[in-house]
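Worksheet: one structure, shown below.
Laboratory data are not the source of any read-out in this text; all were calculated from the coordinates shown. Computed from a predicted model, the values in this text were never measured in an experiment. Backbone-built Cβ (ideal geometry, glycine too); neighbour counts: all protein chains shown.
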Amino acid sequence: MSNVSVFPRDARNREDLTNVAGDAAKDLKNAARDGIKDVAGTVAAEAGDLKDHVVDSANRIGDAASRSARDVKEVASERAETVKDVATEKAHGLRDAARDKVDELRHAASDKLDDLRTAAKEKVQAVRETAIDKADEFRDAARARYQDAREDAKDYVRANPVGSIAAALAAGFLIGRLMRR
């Protein structure tokens, strides 16, 4: 072990170090939570936009199908019975095409939503792994600093046993006085 101390030897600075490590862990936790919230918000917004797009597309297709059906009905009523039958078949074909298009859009929307869900899960997992790695780094660094401080304290007590006992007695006396109040 080197003679250079990583941390000051007084107890207050060690408490500050503990507080800094605790604050850093809280900040990391908050950053991870905020990242997850941002990802969830983005996914929700994109899903809402996709839903709106699908609804608008379905409405446009429905409007177009309705307009086409009305046009066909007017032409059919003006023409002979044979033309009326042809117009009816065409209206059914347009309705089927509209249904097919709506189904196609529904499937595309579902696929897009699945893709967004998968991307969100991957992003959340990446943020979670980063948070875990950072927490492990902070824990390992704090543990190493604690061990160094402990070794420094042992070395100090061995080098100054009388002073250490006097400091311990004074600290015990002060703590006792504070506890009585």
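At a glance:
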{"quantity": "Residues Ser164, Ser57, sorted so that the one with the fewest Cβ neighbours within 10 Å comes first", "calculated": "Ser164, Ser57"}
{"quantity": "Approximate spin-label separation Glu137-Asp114, in nm, with each point projected 7 Å along Cα-to-Cβ", "calculated": "3.7 nm"}
{"quantity": "Net charge contributed by nearby residues that have their C-beta within less than 14 Å of Lys37 (K/R +1, D/E -1)", "calculated": "+2"}
{"quantity": "Positive dipole terminus of the chain, leading residue within Phe138, Pro161, Ala24 (C-beta point charges)", "calculated": "Pro161"}
{"quantity": "Label-point separation in nm, Thr18 to Asn30, each point 7 Å along Cα→Cβ", "calculated": "2.2 nm"}
{"quantity": "Relative compactness, the range 11-180, computed as alpha-carbon Rg over 2.2 N^0.38 Å", "calculated": "2.34"}
{"quantity": "The range 11-180: relative contact order as a whole-number percent, Cα under 8 Å and 6+ apart", "calculated": "33 percent"}
{"quantity": "Net charge over other residues, Cβ less than 11 angstrom from the Cβ of Glu46 (K, R count +1; D, E count -1)", "calculated": "0"}
{"quantity": "Cβ-derived FRET efficiency at R0 41 Å, Lys37 paired with Thr88, nearest 0.05", "calculated": "0.15"}
{"quantity": "12 Å Cα cut-off, lysine pairs counted over the chain (separation 8 or more, or different chains)", "calculated": "6"}
{"quantity": "Least to most buried among Phe173, Phe138 (fewest other Cβ within 10 Å first)", "calculated": "Phe173, Phe138"}
{"quantity": "Cα long-axis angle, helix 11-78 against the chain (0 to 90 degrees, to the nearest 10)", "calculated": "0 degrees"}
{"quantity": "Order of Val43, Val162, Val20 under a 10 Å beta carbon neighbour criterion, fewest first", "calculated": "Val162, Val20, Val43"}
